[in-house]
Number of protein chains: 2
Amino acid sequence: MPATDTRARPRIVIIGCGFGGLEAARALRDAAVDITLVDRTNHHLFQPLLYQVATAGLSAPAIAAPVRHLFRKQANVTTLLGEVTGIDAAARQVTLADGGVLPYDHLVVAAGATHSYFGRDDWAAFAPGLKTLEDAFGIRRRILVAFEAAEKEADAARRDAWLTFVVIGGGPTGVEMAGTLAEIARQTLPGEFRRIDPASARVLLLEGSPRVLQAMPESLSTRACEQLSRLGVEVRTGARVTAIDAAGLQVQPTEGEPYRIDSRCIVWAAGVAASPLGRALAQTTGAALDRAGRVQVQADLSLPGHPEISVIGDLAAAQSHAPGREPAPVPGVSPAAKQMGRTAAGNILRRLAGQPGQAFRYRDYGNLATIGRNAAVVDLTSPLGRLQFSGYPAWLFWLFAHIWFLIGFRNRLVVLIDWAWAYWSYDRHARVVAEVDPLPVPEASSAAVRSP
Amino acid sequence: MPATDTRARPRIVIIGCGFGGLEAARALRDAAVDITLVDRTNHHLFQPLLYQVATAGLSAPAIAAPVRHLFRKQANVTTLLGEVTGIDAAARQVTLADGGVLPYDHLVVAAGATHSYFGRDDWAAFAPGLKTLEDAFGIRRRILVAFEAAEKEADAARRDAWLTFVVIGGGPTGVEMAGTLAEIARQTLPGEFRRIDPASARVLLLEGSPRVLQAMPESLSTRACEQLSRLGVEVRTGARVTAIDAAGLQVQPTEGEPYRIDSRCIVWAAGVAASPLGRALAQTTGAALDRAGRVQVQADLSLPGHPEISVIGDLAAAQSHAPGREPAPVPGVSPAAKQMGRTAAGNILRRLAGQPGQAFRYRDYGNLATIGRNAAVVDLTSPLGRLQFSGYPAWLFWLFAHIWFLIGFRNRLVVLIDWAWAYWSYDRHARVVAEVDPLPVPEASSAAVRSP
């Protein structure tokens, strides 16, 4: 159908339109190549703000931009909606769930990660994780329905279980979720219920290791704990979850007796696993996987024996190669995914020009996590040294950094208005669930041990 | 739990928080009564703009406000999330799906309407209707996925079927849907696809009767048709649908041979039926139902023999009683539902004061329908006579009327910004589907007769 003959142009297939895939496609904008960008969804998701959708602070379109709209002016990109089910490295083609086949000359796999329940996939039904918009809607529904159910519940113990929110995992997502849940209970909902006091809700953050925000320096972990406590979150470190069911969970503390927490709203923020496409890649190329299922890539992000295949983002077990330093593992954060996208795109152009690929070097500009209203921790790395701060200035920094990196001008404006509104009114405007299933009725609780 | 003793206060139960139920609760704001407002969802939906959510112009929270937030300052209202499954007029109580029971002294039933497929409920799977947010998300998904599937489809006939959009029913919703679909195909999407031209999509509006917008004067129906044609919609009146399947539909025109239209995206805007609660009410009170399942109410909106039960809104087959005129049927529009809500509330107060209820009188301020960008028709009734206009001024009138009646200041602002943006950019920002199911693969088409 295209008017010009493009058959001679190298065909690049990019799987996944997260931060890595998007950046790889953009970095090839001036290249004489034909790019096919394929994803299971029709949008690029700004995942750092997904917890805001889950907690009804933002609507989904504020953090999700249609991929084909983003690339409407980049003529060398064809966007396809489809689920990749197989990769054939020998035939150099990708197969889709609908039977479609995409041949490639160069392949960039940026399929990302999903939740990991460490072998306990049965927990997923009781403690959903937060990776997609669908996940966010499910968690939003659980949170809002829990308060609704509490308002209707006559039995005090059951009511308390509806009003007990547990977040498992003290990484950035867990800290954000717990802080925001406390804010909803203490600031947004009071005054709207007649039979319960939403401010009496308990929000617990459970972390198996000795401290939250492990990627941060210890002093900032301590600050984060203090700020969470001030918001009304009970932080329990060294608290390992050993069982989850529909009515609560079982905790094994590092010291002391195991105990049970009755809770009807549990959020899983504890672990990620690489996309199953990692396994498909390993089979077809012989590449090795690490324990989390990530594909071990070479210095230039390509696979051994397959310079035409690059793996980037959360799916890649990559190393940073800075001159004069030992190779260091690259963290699973969005700036790293973007940088890998640019490196992979650059290496494709180099190979097309007959040159070898360059090693990936991760530039770490720092780390930041928000906790709630006016509360965040920031750890910046600059040529002048490290800069650490917390509290209100850190929150402002976090706010503008996130709005700045949001895709598309309009979204930034909408998010800023939404937040300005939420800030002044304590309102959360997206407190809407499309349709509410009949509330699940808890079985007679088999809890032998109650949490204190 | 309440500090004050409220047991002596009359208990009012209102079922449904659409326009009627909401208005009834508001009209009782100063009354010494205890109101329980129960709904299946947690939000009041501004249904006149639901088609904008279905066509990705607005996000759900822009037209849906949490009910308990709306009533946070009205202390005599308790909001409950629950599905009413039964009404016992003798025991004066309402039962909920979760087993809960709500005793009442006065009951207002405002449960609204749902789609009617005129006995062909099997059509619902192929031609979804538009009543709830869930419906809107489903239709949004179908529309967006149809263009995505067309971009991937190699077979020309199948591609055409994906690019053929059919709206069944030429009432206000059908006209809005068809006009907006044409706008998306002609204005929003072009430039974003590489293999198809979205502007080549066909949008058909089928109406069984001789004209669209039957509630309007004939001259405005003609204007609407002209404006639809200008937007690129093929309007077919006198076109009765006789069969719908996954790959298209069968049409019997008033004159001529039956024909088939191959289409993968069909929207049903042809009929409504009263909520099933009408039947429950008929059983427990002996009230009569009309053909659409609506409950025939007395002049004061109560049921025969049950002055303590009022039925309002789309569930009521009500008459307007204007002095010196014959009783006239009340149309199923939101201003009528609101007015019935006020009358029902006033009659409850009258009965509590030992007075008889007053007859309902519908004040008709006119009728308006939008068609698309800059296109609408308006038919106003004023003391000075009727005022009819169409085109750009009608569209502006429609726009500000709808924004004005949106619940809550913030929503108005957000909707205005969204629309201003959409107007200048032709963009539709909510083009997001949470997760896309594998695209349905059409069976080998059994179409014997093709549409011309």
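The values are calculated or read from the model by the stated rules, or taken from the named source; none is laboratory data. Keep in mind that what you see is a predicted model, and the values were worked out from it rather than measured. Positions of Cβ are backbone-derived with ideal geometry, glycine not excepted, and every protein chain shown enters the neighbour counts.
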Only unsatisfied item for residue A:45, checking (1) farther than 30 Å from residue B:411 by Cα; (2) within 10 Å of chain B (Cβ to nearest Cβ), is (1)
The condition from (1) crowded, with 17+ Cβ neighbours inside 10 Å; (2) touching a residue at least 24 places away in the same chain (Cβ under 8 Å) that residue A:118 misses is numbered (1)
Cβ pairs under 9 Å, 6+ apart or interchain, first in region B:397-412 and without any contact (Cβ under 8 Å) to a residue 12 or more places away in the chain, second charged (D, E, K, R), ordered by first then second residue, are B:404/B:412; B:410/A:427
Flagged in region A:86-104 as free of Cβ contacts under 8 Å to residues at least 24 places away in the same chain and more than 9 Å from chain B (Cβ to nearest Cβ), in numbering order, are A:91, A:93, A:95, A:101
Given (1) among the β-branched types (Val, Ile, Thr); (2) in a strand (DSSP E or B); (3) not assigned by TED's automatic domain parsing to the domain that holds residue B:21, residue B:108 misses just (3)
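Would you check if there is a residue in region A:78-90 being in a helix (DSSP H, G or I) and buried (at least 22 other Cβ atoms within 10 Å of the Cβ)?
Checked region A:78-90: no residue is in a helix (DSSP H, G or I) and buried (at least 22 other Cβ atoms within 10 Å of the Cβ).
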Scanning region A:149-172 residue by residue, the ones that are closer than 24 Å to residue A:422 by Cα and modelled with pLDDT under 95 total 1
Taking region B:10-59 and keeping only residues that are in contact with a Leu (Cβ under 7 Å, 6 or more places away or on another chain) and among the aromatic types (Phe, Trp, Tyr), one is left with B:46, B:51
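Just to be sure before I move on: is residue A:299 out of contact with any strand residue (DSSP E or B) (no Cβ under 6 Å at 6 or more places or on another chain), part of a loop (DSSP other than H, G, I, E, B) and either closer than 21 Å to residue A:181 by Cβ or not charged (D, E, K, R) (or both) in the structure I sent?
On the way: out of contact with any strand residue (DSSP E or B) (no Cβ under 6 Å at 6 or more places or on another chain): yes; part of a loop (DSSP other than H, G, I, E, B): yes; either closer than 21 Å to residue A:181 by Cβ or not charged (D, E, K, R) (or both): yes.
For residue A:299, the condition - out of contact with any strand residue (DSSP E or B) (no Cβ under 6 Å at 6 or more places or on another chain), part of a loop (DSSP other than H, G, I, E, B) and either closer than 21 Å to residue A:181 by Cβ or not charged (D, E, K, R) (or both) - is met.
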When region A:129-183 is checked residue by residue, the ones that are assigned to a loop (DSSP other than H, G, I, E, B) and either among the hydrophobic types (A, V, I, L, M, F, W, C) or within 13 Å of another protein chain (Cβ to nearest Cβ) (or both) are A:130, A:131, A:132, A:153, A:154, A:155, A:163
Just wondering, is there one or more residues in region A:31-50 that are among the β-branched types (Val, Ile, Thr), under 16 Å from the mean Cα position of the chain (by Cα) and assigned to a helix (DSSP H, G or I)?
no
Checked A:430, A:434, A:448, A:422 against criteria (of a type in the set (A, V, I, L, M) and modelled with pLDDT of 80 or more); the one match is A:430
Subset of region B:14-52, residues under 17 Å from residue B:339 (Cα atoms) and charged (D, E, K, R), comes to B:23, B:26, B:29
| Does residue A:107 meet the test of being modelled with pLDDT of 95 or more and touching a Cys at 6+ places or on another chain (Cβ under 8 Å)? | no
Across region B:66-77, the tally of residues that are surrounded by fewer than 24 Cβ atoms within 10 Å (Cβ to Cβ) and touching a Phe, Trp or Tyr at 6+ places or on another chain (Cβ under 8 Å) stands at 1
Filter region A:61-77 for residues that are among the hydrophobic types (A, V, I, L, M, F, W, C) and part of a helix (DSSP H, G or I); the one that is nearest to the other protein chains (Cβ to nearest Cβ) is A:62
Do we have residue A:86 as closer than 30 Å to residue A:167 by Cβ and outside the structural domain of residue A:418 (by TED's automatic domain parsing) here? no
Taking first residues from region A:180-200 that are on the phi < 0 side of the Ramachandran plot and second residues anywhere that are among the polar types (S, T, N, Q) and assigned to a helix (DSSP H, G or I), the pairs with Cβ under 9 Å that are 6 or more apart or on different chains are A:180/A:52; A:185/A:200; A:198/A:188; A:199/A:187
Those residues of region A:15-27 which are of a type in the set (A, V, I, L, M) and surrounded by fewer than 24 Cβ atoms within 10 Å (Cβ to Cβ) amount to A:27
Checked B:129, B:138 against criteria (surrounded by fewer than 19 Cβ atoms within 10 Å (Cβ to Cβ), under 16 Å from the mean Cα position of the chain (by Cα) and over 25 Å from residue B:283 (Cβ atoms)); the one match is B:138
Filter pass, residue A:217 being within 14 Å of chain B (Cβ to nearest Cβ) and more than 14 Å from residue A:375 (Cβ to Cβ):
no
If we ask which residues in region A:302-315 are out of contact with any strand residue (DSSP E or B) (no Cβ under 6 Å at 6 or more places or on another chain) and buried (at least 16 other Cβ atoms within 10 Å of the Cβ), their number turns out to be 4
Selection over region A:162-179 where residues are crowded, with 23+ Cβ neighbours inside 10 Å and in contact with a Lys or Arg (Cβ under 9 Å, 6 or more places away or on another chain) yields a count of 6
Those residues of region B:177-202 which are under 16 Å from residue A:73 (Cβ atoms) and either within 21 Å of the chain's Cα centre (by Cα) or among the acidic types (Asp, Glu) (or both) amount to B:192
Scanning for something within 22 Å of residue A:12 (Cα to Cα) and touching a residue at least 40 places away in the same chain (Cβ under 8 Å), does region A:257-268 turn up at least one residue?
no
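Listed here are the residues, each with its yes/no results for (1) at pLDDT below 95; (2) of a type in the set (Val, Ile, Thr); (3) at positive phi.
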{"site": "A:74", "(1), (2), (3)": "no, no, no"}
{"site": "A:78", "(1), (2), (3)": "no, yes, no"}
{"site": "A:90", "(1), (2), (3)": "no, no, no"}
{"site": "A:94", "(1), (2), (3)": "no, yes, no"}
{"site": "A:103", "(1), (2), (3)": "no, no, no"}
{"site": "A:114", "(1), (2), (3)": "yes, yes, no"}
{"site": "A:121", "(1), (2), (3)": "yes, no, no"}
Review point. Going by the conditions given, is residue A:367 farther than 30 Å from residue A:105 by Cβ, outside the structural domain of residue A:174 (by TED's automatic domain parsing) and of a type in the set (S, T, N, Q)?
Key: yes
